[in-house]
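To keep things clear, I will list the structure first and then write my remarks on it.
Taken together, the values in this text are just the output of simple stated rules run on the coordinates, not laboratory data. Note that the structure is predicted; figures quoted are calculated from it, not measured. Glycine also receives a Cβ, built like all others from the backbone with ideal geometry; neighbour counts cover every protein chain displayed.
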Number of protein chains: 2
Amino acid sequence: MKLTTKGRYAVMAMADLASFKDQGPVSLSDISLRQNISLPYLEQIFLKLKNNNLVKSVRGAKGGYKLELSPDEIKISNIISAVDEEVKMLNCKKDSKKGCNNKSSKCITHNLWDQLDQHINNFFEKVKLQDLVKKKQILNK
Amino acid sequence: MKLTTKGRYAVMAMADLASFKDQGPVSLSDISLRQNISLPYLEQIFLKLKNNNLVKSVRGAKGGYKLELSPDEIKISNIISAVDEEVKMLNCKKDSKKGCNNKSSKCITHNLWDQLDQHINNFFEKVKLQDLVKKKQILNK
DNA sequence: TTTAAATCATACTAAATTAGTAGGAATTGA
DNA sequence: TCAATTCCTACTAATTTAGTATGATTTAAA
């Protein structure tokens, strides 16, 4: 399972960006202060966010980052996958040593983890950046 | 997030135990062979499972472990929490340094992670050991 | 035109966690 | 008695995560 502070920080930073999107580009040092995340670490994260077209940068003094899309168009899943690669409990099939080899009763729990992955990804698909900024209840179904 | 191979192995081992429950106590060396998990590692895991009253042991030769309850009474969540402590994305409140301190806009994403935890725990609450052994589709809703 | 504020990029490192080993004691059926 | 088994604790290797370090590039503004 790949779901660590990097993913959390990314979501926090994007939420911060969304909150302050009306005052021009937001610098990472601002975010660093507000969210208490080290600046160089943020830089790494934003490199990935940029490569995934979630933000665009404005270089030089008074520069910073802006959202590429509006907050209601950005899904949490987009952010997570941009920095964290994937949400996956198993990596079967590749090598027969680690994970399961998908035959016999060995992988009796295979489906379980697959479905958990789906479940989590589903959750992240449903929630938009907008939902966080509005601070409203998410998924009250 | 605490959801690692230890939790996976525990579920696999319990599923194995459920599959062979009719032939008396199942030894860890059997499970080790069938599920390809190292024996001493299994021992650690079963210590916890026993302390949580999910299995009972039969010591000595021809000994092994048996389920304490029937497979349809054991939830996956019971197994996970027995070995993995908890499923939690954040640990706020304790120290103000790590996690968030729960005030101001800092914890804009607090609810999100709380709800994800609930979501995952929900999933594990719904699935019973029985469901794995039967190999039927879980949560087809 | 200089300077300071910012992004961009890569490489390195420390800390923490996970996964697994080692070693041996206790128990018990055959 | 002996072999198979659980029980228990401590240690260690490997991996991952989180964060630093370093320095180049860009650009608004003084």
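Details
- Mean shadow area of the range B:1-73, taken as a quarter of the surface of its Cα convex hull (nm²): 5.0 nm²
- Compared with the alpha-carbon gap, the fully stretched path from B:V58 to B:S70 is longer by 2.6 nm at 0.36 nm per residue.
- Residue exposure proxy: B:L47, A:L67, ordered by other Cβ atoms within 10 angstrom of their Cβ from fewest to most, comes out as B:L47, A:L67.
- Distances between copies of A:N36, taken at a point 7 Å out from Cα along the Cα→Cβ vector and listed shortest first: 4.4 nm.
- Residue by residue, the range B:28-37 carries 3J(HN,Hα) couplings of 5, 5, 4, 4, 4, 5, 5, 9, 6, 10 Hz when phi is fed to the Karplus relation 6.51 cos²θ - 1.76 cosθ + 1.60 (θ = phi - 60°); x denotes Gly or Pro.
- Taking the charge dipole of the range B:1-77 about its Cα centre, with +1 at Lys and Arg Cβ atoms and -1 at Asp and Glu Cβ atoms, the residue from B:A13, B:N51, B:L67 reaching farthest to the positive side is B:N51.
- Averaged over B:109-117, number of beta-carbon atoms from partner chains that fall within 10 Å: 6
- A Stokes-Einstein calculation at 37 °C with viscosity 0.692 mPa s, built on the Kirkwood radius of the range B:23-64 over Cα pairs, returns a diffusion coefficient of 311 µm²/s.
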